[in-house]
1. Show that you can apply the helix-only estimate: for the chain, add -39,500 (n - 2.57) for every DSSP H stretch of four or more residues, divide by all residues, and state [θ] at 222 nm to the nearest 500.
2. Can you match Rg/Rh (Cα atoms, Kirkwood Rh) to one of these, (i) 1.10; (ii) 0.99; (iii) 0.94, based on a calculation from the structure here?
3. Report the net charge of residues surrounding Pro18, where surrounding means a beta-carbon distance below 9 angstrom and charges are Lys +1, Arg +1, Asp -1, Glu -1.
4. Local charge sum around Leu163 (other residues, Cβ-Cβ under 9 Å, Lys/Arg +1, Asp/Glu -1)?
5. May I ask which residue of Ala84, Phe48, Val64 lies farthest towards the positive end of the charge dipole of segment 47-175, with charges of +1 (Lys, Arg) and -1 (Asp, Glu) on Cβ and the Cα centre as origin?
6. What is segment 47-175's relative contact order, in percent, from Cα pairs under 8 angstrom and six or more apart in sequence?
7. Treating the beta-carbon of each Lys and Arg as +1 and of each Asp and Glu as -1, no other charges, what is the dipole magnitude of segment 84-144 about its Cα centre, to the nearest 20 debye?
8. Below 14 angstrom from the Cβ of Ala142, what's the summed charge of the other residues (Lys, Arg +1; Asp, Glu -1)?
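Any read-out appearing in this document is the output of simple, stated calculations on the displayed coordinates, not a laboratory observation. Everything numeric here is computed off the predicted structure, so don't read it as measured data. So basically every Cβ, Gly included, is an ideal-geometry build from the backbone, and we count neighbours across all protein chains shown.
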Amino acid sequence: MKNRLIAMTGDWLAGLDPEAGLEKPLNWLQRQGGIRMVNRLVGLSIPFATRNRFRVEAVSRGYVRARIALKGNHNHFGSLYAGAYFLVAEIPGGVMTLFDLGPDYIPILKEMSLQFLEPANSDVTIELSMSETTRQAIQADADTTGRAAFTLEGELKDESGTLVARSVAHYRVRKKGFEQAIGHS
């Protein structure tokens, strides 16, 4: 059931104009409903994310923007806790993979590094993007070999737009139900 919801939500969002605002109220409402569904699916899959005030703010083909709240995620001196940076930098890569490739491709984080640049004293956002060419190459590799590796680099910014951290995340996608041909390793 969850896989059907992921596929339907991905198709739904792909058909909407991601730039439409209140000048196109129906498109805007439909997109907001789709984003709510994405966040609900993230919360069902990773309850920790919802408890820590993580949320996806925008998702479209090859693009995700997410936010983590400072409230409830601060450290001993009042800025964003390091684990919260990790949370907001990691989950969007999985969201993008699931909604761009579909539920038959399972994203797995293999390695991630964060470079902390400034303390964040507000909510933090990240935007990740992937070209259509890259997405097609990932899907072709996974369809051929059962898995594909890719890297996403992100910039984490506070509410004033200050760059507070950089992330590099190495993922692997596994294709569900892939059976390797006999005689191939």
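1. -13000 deg cm²/dmol
2. Matching the structure shown: (ii).
3. Neighbourhood net charge equals 0.
4. -1
5. Working it through, the farthest residue towards the positive pole turns out to be Phe48.
6. Contact order relative to length: 27 percent.
7. 80
8. Neighbourhood net charge equals +1.
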